[in-house]
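The values are calculated or read from the model by the stated rules, or taken from the named source; none is laboratory data. What you are looking at is a predicted structure, and each value in this text was computed from that prediction instead of being measured. Ideal geometry is used to build each Cβ from the backbone, glycine not excepted, and the neighbour counts take in all protein chains shown. The accessibility values were calculated without ligands, DNA or RNA, using every heavy atom of the protein model including side chains. Shrake-Rupley method; radii C 1.70, N 1.55, O 1.52, S 1.80 Å.
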Amino acid sequence: MGGERVTRTEWLHIAAPLVAAMGVSMALVCYALASGKPWSRHVVIAIFTLIIVYAAMLGTLNLIHRAIMWRALINGVLFGGASIWYFYLKSNVVAYFRALSDR
């Protein structure tokens, strides 16, 4: 995990819940984007929020190494910020989702 060796049990206890939640969320995003649901962009942001909260929580409880926590926080903020820009600030994308909402 994060470049460090861990046992299968450690991985299952720490990473598996996040991986499962991410898998469900990504499937939901795929469905929503493919079927033109206006709420799909909110789920994308929820994914990055989940990563940030999960990393902060595990790091605060000393269940993961600080380096892993910081890597997850930085990635979550950077990619989450890029997603916020794309889905909420880029004019053509905002117009697309506004049109979806008006249907």
- Message: With a 1.4 Å probe and all protein chains kept in place, how much accessible area does PHE87 have, in Å² rounded to the nearest 10?
- Response: 30 Å²
- Task: Would you mind computing, in nm to one decimal, how far apart the modelled labels at ALA56 and TRP39 are, each placed 7 Å from Cα along Cα→Cβ?
- Result: 2.4 nm
- Task: For the chain, give the percent of accessible area contributed by carbon and sulfur heavy atoms, probe 1.4 Å, rounded to a whole number.
- Result: 68 percent
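Quick one: order ARG8, ARG71, ARG66, ARG41 from most to least accessible surface, probe 1.4 Å. Before the final figure, lay out each step's value.
Numbers: ARG8 190, ARG71 135, ARG66 115, ARG41 45 Å².
From most exposed to least exposed: ARG8, ARG71, ARG66, ARG41.
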- Just read off the accessible area of GLU10 with the full protein assembly in place, 1.4 Å probe, to the nearest 10 Å². 90 Å²
- Message: Defining a contact as two alpha carbons under 8 Å apart and six or more residues distant in sequence, what relative contact order in percent does the chain show?
- Response: 25 percent
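Taking only complete DSSP H runs, can you tell me which helices of the chain stretch 20 Å or more along their own long axis by Cα positions and average at least 1.0 on the Kyte-Doolittle scale?
Numbers: long enough: 16-34 (27 Å, 1.95); 40-60 (30 Å, 1.75); 66-84 (26 Å, 1.05).
Once both thresholds are applied, what remains is 16-34, 40-60, 66-84.
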- Message: Using a 1.4 Å probe on the protein heavy atoms only, what accessible surface does LEU61 show? Give it in Å² to the nearest 10.
- Response: 110 Å²
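Accessible area, 1.4 Å probe, largest first: how do THR7, THR60 sort?
Details: THR7 75, THR60 100 Å².
Ranked list, largest accessible area first: THR60, THR7.
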